[in-house]
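As structure tokens, the structure follows; a few thoughts come after it.
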Amino acid sequence: QVQLVESGGGLVQPGGSLRLSCAASGITFSGYAMGWYRQAPGNQRDVVATITPGGATNYADSVKGRFTISRDNAKNTVYLQMNSLTPEDTAVYYCNAALLRRNWWGRGTQVTVSS
């Protein structure tokens, strides 16, 4: 059974930081491209950052220079370090694992940026 479990969300003030984690099980983690997506109320789910099995990363323009995605294949975990957060970053953040036609999602973790 495949599981992606996100953690690390919460309430943070503008300018603050959070680190999200996504622990994967039931997949050969090292072979999967991993990604973080987010969805704000009334909006579609958009990609935030992705990382390939080889470690190549890609970011949405809105988070470049502020967010960093990384992976630890030994721990089957992908991270999203988020710095300089703004209210526009408020959303539910979802973890994704993708390999060919296989595509798995976590249940999401809420990130709220507010003073």
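The values are calculated or read from the model by the stated rules, or taken from the named source; none is laboratory data. Keep in mind it's a predicted model, so treat the numbers as computed, not measured. All Cβ positions, even for glycine, are placed from backbone atoms using ideal geometry, and neighbour counts span all protein chains on display. Quick note on the areas: whole protein, heavy atoms, side chains included, nothing else; ligands and nucleic acids left out. Shrake-Rupley method; radii C 1.70, N 1.55, O 1.52, S 1.80 Å.
Dividing the C-alpha radius of gyration of region 17-115 by 2.2 N^0.38 Å, with N its residue count, gives 1.03.
Our coupling estimate for region 46-60, obtained by passing each phi through the Karplus curve with A = 6.51, B = -1.76, C = 1.60 and θ = phi - 60°, is 10, 6, 9, 7, 9, 9, 7, x, x, x, 6, 10, 8, 10, 5 Hz, Gly and Pro reported as x.
Among Ala56, Ala91, Ala74, the largest mean-square fluctuation in a Gaussian network model of the chain, built with springs joining Cα atoms closer than 10 Å, belongs to Ala74. Annotation: the antiparallel percentage among DSSP beta bridges lying fully within the chain is about 95. Charge tally around Pro14: other residues with Cβ under 14 Å, Lys/Arg +1 each, Asp/Glu -1 each, net -1.
The relative contact order of region 26-95, computed from alpha carbon pairs under 8 Å that lie at least 6 residues apart in sequence, is 32 percent. What percentage of the solvent-accessible surface of region 1-50, computed with a 1.4 Å probe over protein heavy atoms, is contributed by carbon and sulfur atoms? After summing per-atom areas, the C and S share lands at 45 percent. Of the residues Ile27, Ile69, Ile51, the one that moves most in a GNM of the chain with alpha-carbon contacts below 10 Å is Ile27.
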